[in-house]
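Here the structure comes first, spelled out in structure tokens, and everything after it is commentary.
The values are calculated or read from the model by the stated rules, or taken from the named source; none is laboratory data. Please read these numbers as outputs of a predicted model, since none were measured by experiment. Note that each Cβ is placed from the backbone with ideal geometry, even for glycine, and that neighbours are counted across all protein chains shown. We work out accessible area using only protein heavy atoms, side chains counted, and drop any ligands, DNA or RNA first. Shrake-Rupley method; radii C 1.70, N 1.55, O 1.52, S 1.80 Å.
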Amino acid sequence: MQTTSAQGQPQAAITKADKPGWWPLAIIASAHLMAVLDTTVMFVALPSVQHGLGMTVTSRQWVVTAYTLSLAGLLLLGGRLADRFGARNTLLTGVIGFACASAAGGAAVNGAMLISARAVQGAFAAMLVSSTKSLLVTVYRDDDRRGRVIGIFTATLTAGLALGLVLGGVLTSELNWRWCLYINLPLSLVAVLGAPRLLPKLPGRPEISIDLVSALLASAGMAGLIYGLGEASSLGWGSVRVAGSLIAAVLLLGSFVFRQVGRTNRLLPLRVVLDRNRGAGMIALVVNSLSTFGMMLILTYQLQSVMHYSALRTGLALVPFAIATGVGAAFLAPRLMVRIPPRWLIAGSIVIEAAGLLPLLWLTPHSRYLPLILVTTLIEGFSTGIAGPIALGTALRGVLPSDTGAAGAGTSAAGQLGSSIGAALLNTIAAAATTGYLAGHAGAGAGMTAIGTATVHGFTVAMAWGAIITLAAAVPVFFLVNAKVPDRPRR
């Protein structure tokens, strides 16, 4: 007797189609990896970029911010374009555009040209990022196989964040900062040459219209939110610029949500996020990124500004985190998700992430890498590696074919939001705690020892808040997720 899947397709046909091998995953992951690497690879190169192009201290931050703002603001539009024109087509368009923008940025003759190229990079990155997750859902349809695929996919991307620091240090030290952008050219060839041969040509859906007004509201709202959170660390929460950006972001995003209600062609269909499992999965993705980026930011400052590590050595110090994340995502998560309900895995991993931040409460100016920092990176790596793919799989589970691009974009936006909050909020908490410590110990002088002690005090306060926020997020995730363990396919 022929069985039928939840999507109404014959089970026999699904079993045959769900064995495409690992090459499609290699193409999808390599394309997405370019966008991930460019989030961190330019951090290490910023001093060289500033010197080489004669940029000011104020303008140099836009080398990174222009990319992240453009990426975050256009993710939802990129997802709907993937639904409308076909994910393979938008993936190729995104990769080619990203490579061209990288070449232009590498050849920049001044700061304005580089910042403009980075903004264009972010726009095409939004298109290719949304397309990759849509392709994952479509190519790998069996729950058991998709779990393994998402685990490897997540491991590649999370490890890429840490490895981007190493790559940026090597390229900047041995070649030139421009190669941090030129490296995308050979990477893009993998997708450009492999996608037409190995990825299915998915049909577009002309009936899906692109709501440009919603796209503008979502893009401007996300950009305002991330800009406000990013600038808060230097200007303070009471700054007119920061407060204005955050208020505008709330109004714009509120208008975006209101516009989605009752419309037949939505930029982000509310059914995607109102499903309790998908909504909880996206909450988990937010807090997962918050914990990861917050830890990486604090450790980067601790290693370089307090322990006087070089940029390259700092990147190498974070390699254990990348390895632990890879092991957790590629090997542990796929095995656990077919045995333990997602509720326990996701919430439990988030609790362990919170516990992993606690060793940093014992940081001092004289702390060594072993064992304190290494233990933190390993705990965070394993827990992040387990939580990430399971949360992503839960957020993409049961998505309608017409919503795969929008759902993929929504999960990417959740991760981007979490990383922005983690970097901005915890950095602001650390700065405020440092200032407060110096003010409270004014009688002790403001020598280098006092400043170092105050700086590390700020780091420990930020990590305490990071642990509290992470732990609090585990509660709604636990009570919202009610998905069952995926059925294993019969051999």
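Taking the stretch 415-434 as the range and being over 25 Å from residue 338 (Cα atoms), within 17 Å of the chain's Cα centre (by Cα) and either not in a helix (DSSP H, G or I) or not polar (S, T, N, Q) (or both) as the test, the residues that pass are 417, 418, 421, 422, 423, 424, 425, 426. Kindly establish whether residue 238 is outside any helix (DSSP H, G or I), modelled with pLDDT under 80 and either under 28 Å from residue 454 (Cβ atoms) or touching a Phe, Trp or Tyr at 6+ places or on another chain (Cβ under 7 Å) (or both). When the stated conditions are applied, residue 238 does not pass them. Evaluated against (1) under 18 Å from residue 32 (Cα atoms); (2) crowded, with 23+ Cβ neighbours inside 10 Å, residue 63 falls short on exactly one condition, (1). Only a single criterion out of (1) part of a helix (DSSP H, G or I); (2) at pLDDT 85 or above; (3) within 12 Å of residue 390 (Cα to Cα) is not satisfied by residue 340, namely (1). Let me spell it out: the conditions are (1) surrounded by 23 or more Cβ atoms within 10 Å (Cβ to Cβ); (2) over 24 Å from residue 62 (Cα atoms), and residue 200 meets all of them except one. Which number is the exception? In the conditions (1) surrounded by 23 or more Cβ atoms within 10 Å (Cβ to Cβ); (2) over 24 Å from residue 62 (Cα atoms), residue 200 misses (1) alone. Just so you know, in the stretch 243-268 the residues that are modelled with pLDDT of 85 or more and among the hydroxyl-bearing types (Ser, Thr, Tyr) include one that is farthest from residue 214 (Cα to Cα), and it is 245.
Within the stretch 368-381, track down each residue that is crowded, with 24+ Cβ neighbours inside 10 Å and not β-branched (Val, Ile, Thr). Within the stretch 368-381, 380, 381 qualify.
Scan the stretch 291-302 and tell me whether some residue there is assigned to a helix (DSSP H, G or I), more than 19 Å from residue 414 (Cα to Cα), touching a Leu at 6+ places or on another chain (Cβ under 9 Å) and of a type in the set (S, T, N, Q). So far as the stretch 291-302 goes, yes, one or more of its residues are assigned to a helix (DSSP H, G or I), more than 19 Å from residue 414 (Cα to Cα), touching a Leu at 6+ places or on another chain (Cβ under 9 Å) and of a type in the set (S, T, N, Q).
For first residues located in the stretch 123-145 and closer than 16 Å to residue 415 by Cα, partners that are open to solvent by less than 10 Å² (accessible area, probe 1.4 Å) and in a loop (DSSP other than H, G, I, E, B) and lie 6+ apart or on another chain with Cβ distances below 7 Å form the pairs 133/396. Among the numbered conditions (1) among the basic types (Lys, Arg); (2) open to solvent by 50 Å² or more (accessible area, probe 1.4 Å); (3) at pLDDT 90 or above, the only one that residue 84 does not meet is (3).
If you go through the stretch 269-291 and pick out every residue that is modelled with pLDDT under 85 and open to solvent by less than 20 Å² (accessible area, probe 1.4 Å), you end up with 2. Evaluating residue 365 against the criteria (1) surrounded by fewer than 24 Cβ atoms within 10 Å (Cβ to Cβ); (2) assigned to a helix (DSSP H, G or I); (3) not hydrophobic (A, V, I, L, M, F, W, C) leaves one unmet condition, (2). Among the residues of the stretch 299-325, those identified as touching a Gly at 6+ places or on another chain (Cβ under 8 Å) and at pLDDT below 80 are 310, 311, 312, 314, 315. Just to verify a result, which residue in the stretch 303-332, among those that are open to solvent by 40 Å² or more (accessible area, probe 1.4 Å), assigned to a helix (DSSP H, G or I) and not β-branched (Val, Ile, Thr), is farthest from residue 363 (Cα to Cα)? Once the filter is applied, the top-ranked residue is 331. Scanning the stretch 207-217 for residues that are in a helix (DSSP H, G or I) and open to solvent by less than 40 Å² (accessible area, probe 1.4 Å) yields 214, 215, 217.
In the set (1) surrounded by 22 or more Cβ atoms within 10 Å (Cβ to Cβ); (2) at positive phi; (3) not acidic (Asp, Glu), the condition left unmet by residue 398 is number (1). Applying the criterion of being in a helix (DSSP H, G or I) and of a type in the set (Gly, Ala, Ser) to the residues of the stretch 245-268, the residue that is surrounded by the fewest Cβ atoms within 10 Å (Cβ to Cβ) is 254. Of the residues 195, 191, 220, the single one that is at pLDDT 75 or above, in a helix (DSSP H, G or I) and over 18 Å from residue 30 (Cα atoms) is 220. Considering the stretch 435-454, and only residues there that are in a helix (DSSP H, G or I), at pLDDT below 80 and among the small types (Gly, Ala, Ser), the residue that is nearest to residue 272 (Cα to Cα) turns out to be 450.
Sub-6 Å Cβ pairs linking a first residue in the stretch 40-56 that is more than 16 Å from residue 169 (Cβ to Cβ) to a second residue that is modelled with pLDDT of 80 or more and in a helix (DSSP H, G or I), at least 6 apart or interchain, are 53/111; 55/111, ordered by first then second residue. Of the residues examined, residue 107 is not one that is open to solvent by 20 Å² or more (accessible area, probe 1.4 Å), within 29 Å of residue 231 (Cα to Cα), out of contact with any helix residue (DSSP H, G or I) (no Cβ under 7 Å at 6 or more places or on another chain) and free of Cβ contacts under 8 Å to residues at least 24 places away in the same chain. Checked against the criteria, residue 127 counts as open to solvent by 10 Å² or more (accessible area, probe 1.4 Å) and closer than 20 Å to residue 199 by Cα.
Annotation note: Cβ proximity below 6 Å between a residue of the stretch 177-205 that is closer than 17 Å to residue 118 by Cα and a residue that is open to solvent by less than 70 Å² (accessible area, probe 1.4 Å) and of a type outside the set (A, V, I, L, M) (sequence gap 6+ or interchain) occurs for 177/48; 178/106; 180/168; 181/102; 181/105; 181/106; 182/106; 184/102.
In the set (1) assigned to a helix (DSSP H, G or I); (2) at pLDDT 80 or above; (3) more than 16 Å from the chain's Cα centre (by Cα), residue 108 fails one condition alone, (1).
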